[in-house]
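I have placed the structure first, in the form of structure tokens, so that the comments after it can refer back to it.
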Amino acid sequence: MKVGNVAIAYEDAALVDQCRHGDPSSLTRLVEKYQDRVFNTCRRLCGDPDEAADLTQEVFVRVLESIGRFGGRSGLYTWMFRIAVNLSISRRRKSGRRPTPLSLDSGSGRGEADAGSAPWACAAPTDSADQRLMDAEMQSAVSAALDELDDEFRTVLVLRDIESFDYEQIAEILDVPRGTVKSRVHRARMAVRDKLAPLMAQK
């Protein structure tokens with residue numbers, strides 16, 4: 001199915017159509033489908049769980065208000081996450097709040113494979129990504145390193161290495177070229193890896 005002559009997931013396209021026609025259950029399904037990932041992204045970017053809850057609600061309010069203008073040039077979820085990222089960064093800048101420590105568990109796991117990896121990834125003996133572990137000291141060090149990054153670099157690292165979006169999805173969310181995303185991810189990983197080098201040497 002297509003919306004605005006661009007194919008998006010059938011379920012999302014159906015939800016968009018139903019929301020446009022005022023079906024109250026469609027918004028409920030939309031929220032249930034995406035609220036956890038939207039909340040997690042907001043929390044990791046704005047730095048406060050309570051504010052993230054408010055931002056998540058605002059994201060869906062804006063989605064509902066703007067659904068009639070959604071043309072399908074990007075996926076519904078990338079459109080929503082673009083709203084979430086912009087609101088979260090704006091809120092963080094206004095509040096001057098330092099982000100809370102990040103959970104480094106990956107998100108959906110749907111992201112594409114690439115030559116690099118998260119700077120904090122410690123492979124278990126079986127080299128299974130599901131068995132990567134992070135102790136409390138490393139968690140604290142990673143959070144501190146990420147906090148020192150500019151928003152544009154922190155955002156791509158959160159989206160790529162924690163939320164597991166692929167490069168194309170991140171490019172759509174941030175409305176920048178795919179090459180720019182890859183460059184920012186690489187630079188962000190290198191910056192964090194440099195900060196973690198002394199601790200990693202002890203592993």
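Any read-out appearing in this document is the output of simple, stated calculations on the displayed coordinates, not a laboratory observation. Note that the structure is a prediction, hence the values are computed from the model and not measured. Counting neighbours? That spans all protein chains shown, and the Cβs are built from the backbone with ideal geometry, glycine included.
A few points about this structure:
- Around Val156: net Lys/Arg minus Asp/Glu count, Cβ-Cβ under 11 Å: +1
- Since only Phe153, Ala171, Pro198 are under comparison, the one whose Cα sits farthest along the positive direction of the charge dipole of the range 129-200, derived from C-beta charges on Lys, Arg, Asp and Glu, is Pro198.
- Panel order for Met190, Met80, Met138, by other beta carbons found within 10 Å of each beta carbon, from fewest to most: Met190, Met138, Met80.
- Counting neighbouring Cβ atoms within 10 Å and putting the fewest first, the residues Ser164, Ser66 line up as Ser66, Ser164.
- If you wrap the Cα atoms of the range 129-200 in a convex hull and average its projected area over all directions, you get 4.9 nm².
- Taking amide H positions as modeled 1.01 Å from N, with prolines and chain starts lacking one, the residues under 5 Å from Gly47 and 5 or more places away or on another chain are Thr100.
- Hits among aspartates and glutamates - C-alpha to C-alpha of Lys94 under 19 Å, sequence gap 8 or more where chains match: Asp48, Asp50, Glu51, Asp54, Glu58, Asp147, Glu148, Asp150, Asp151, Glu152
- The charge dipole of the range 2-95, taken about its Cα centre with unit charges on the Cβ of Lys, Arg, Asp and Glu (plus for the first two, minus for the last two), comes to roughly 460 debye.
- Where Rh is the Kirkwood radius over Cα pairs, Rg/Rh for the range 2-95: 0.99
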